[in-house]
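Colleague: Let me begin by handing over the structure; questions about it come next.
Only the coordinates and a few stated rules stand behind these numbers; no lab work does. The shown structure was predicted, so the numbers you read here are calculated from the model rather than taken from an experiment. We place every Cβ from the backbone using ideal geometry, glycine too, and count neighbours over all the protein chains shown.
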Amino acid sequence: MNSKNIVILVSGRGSNLHAILKAYERERWPCKIAAVISNRPNCSALAIAKSAGIPTQVIDHAQYVDRKDFDAVLAESLDALAVDYVILAGFMRILTASFVNRFYGRLVNIHPSLLPSFPGLATHRAALAAGVKVHGCTIHFVSAEVDSGPIIAQASVPVFSDDTEEKLAARVLAQEHQILPAVIKALVENRVKLEQGRVTVEGMPEWVHL
Ligand code: GRF
């Protein structure tokens with residue numbers, strides 16, 4: 001099996017990155033994490049990557065007036081790394097449609113809600129306000145509209161009547177840390193098929209309730 005190159009894009013805390021790196025080492029995935037790229041120079045995710053010995057790059061969005069100029073530099077870096085899959089693990093930046101279309105089928109995002117419910121920010125607050133009884137997270141291929149695209153996997157959690165945003169966020173995050181590594185492993189093992197906008201993952205339940 002040809003080893004894949006993956007690149008992880010981050011902007012902040014990096015807890016998903018940490019979960020990915022632990023599973024990558026422990027399970028000896030058939031891939032190379034070629035780089036971790038951040039749009040924020042001092043985020044803690046970068047420190048996590050460095051301490052794991054993964055090459056890092058910073059492409060500071062504040063240096064680019066135009067969104068498309070930032071995306072062009074990012075695309076150049078990704079091409080230079082011969083990337084197979086780009087994982088957005090807490091990458092807090094909207095990408096242009098032309099970037100997304102260029103990498104379609106290779107660009108994967110994690111979003112902290114059961115899409116298509118609650119796209120955008122503050123998803124846990126929105127879930128509590130809506131009174132939903134089930135919440136969760138979604139891994140999906142990225143398409144040009146924000147927080148949309150073919151769903152690869154979802155994990156759900158219960159919402160309790162005494163939940164706060166923080167408690168609910170922590171319950172969802174624990175699921176993110178399990179399903180994101182599981183999906184990346186499936187990707188690099190060629191077990192993920194995207195056909196006509198729908199995804200199947202061999203050897204992984206389509207719906208995870210953990
Ligand atoms: C996660 O909740 C992820 O779903 C969202 O941003 C958050 C990133 O957290 N896209 P971390 O940086 O991985 O800790």
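Colleague: If the chain between residue 79 and residue 13 were fully stretched, how many nm would it gain, using 0.36 nm times the residue separation less the Cα-Cα distance?
Modeller: In short, 21.2 nm is gained.
Colleague: Could I ask something else about it? Over the chain, what number does the Rg to Rh ratio reach, with both radii from the alpha-carbon atoms and Rh per Kirkwood?
Modeller: That ratio equals 0.95.
Colleague: Another question about this same structure. What ranking, highest mean first, results for peptides 128-134, 164-170 when packing means the other Cβ atoms within 10 Å averaged over each residue?
Modeller: Those peptides, ordered most packed to least, come out 164-170, 128-134.
Colleague: Do the sum for the chain: with -39,500 (n - 2.57) for every DSSP H run of n ≥ 4, divided by all residues, what is the mean residue ellipticity at 222 nm, to the nearest 500 deg cm²/dmol?
Modeller: Result for the chain: -10500 deg cm²/dmol, rounded to the nearest 500.
Colleague: Hey, if you put +1 on the Cβ of every Lys and Arg and -1 on every Asp and Glu Cβ in the chain, which of 12, 177, 75 ends up farthest toward the positive end of that dipole?
Modeller: Going by the Cα projections, it comes out as 177.
Colleague: For the chain, calculate the relative contact order in percent as a whole number, restricting contacts to Cα pairs under 8 Å that are 6 or more residues apart.
Modeller: Once divided by the residue count of the chain, the mean separation gives 19 percent.
Colleague: Residues with beta-carbon under 14 Å from that of residue 181, excluding residue 181: net charge, scoring Lys, Arg +1 and Asp, Glu -1?
Modeller: Charge balance near residue 181 sits at +1.
Colleague: What ranking do 40, 13 get, fewest neighbouring Cβ atoms within 10 angstrom at the top?
Modeller: By the 10 Å Cβ count, ascending, the order reads 13, 40.
Colleague: OK, next. Gain in length, residue 102 to residue 146, computed as 0.36 nm per residue apart minus the alpha-carbon separation, to one decimal in nm?
Modeller: Extra length from residue 102 to residue 146 when fully extended: 14.3 nm.
Colleague: Exposure proxy check: 37, 151 ranked by fewest other beta carbons within 10 Å?
Modeller: The order, fewest Cβ neighbours first, is 151, 37.
Colleague: Sticking with this structure for a sec: What FRET efficiency, computed as 1/(1 + (r/R0)^6) with R0 = 22 Å and r the Cβ-Cβ distance, is obtained for residue 125 and residue 194, rounded to the nearest 0.05?
Modeller: 0.10
Colleague: Further question on the same structure: Residues in segment 131-153, backbone N under 18 Å from the label point at residue 67 (7 Å along the Cα-to-beta-carbon vector): list them, ranges by number please.
Modeller: 142-149
Colleague: Mind ranking 5-12, 56-63 by how tightly packed they are, going by the mean number of other C-beta atoms within 10 angstrom, highest first?
Modeller: Top of the packing list down: 5-12, 56-63.
Colleague: Name the long-range amide H neighbours of residue 148: under 5 Å, sequence gap of 5 or more, or other chain; modelled H, no Pro or chain starts.
Modeller: Amide H neighbours of residue 148: 143.
Colleague: Let me ask something else. Between 66, 84, 162, which gets the highest mean-square fluctuation from a Gaussian network model of the chain, Cα cutoff 10 Å?
Modeller: Fluctuation is largest for 162.
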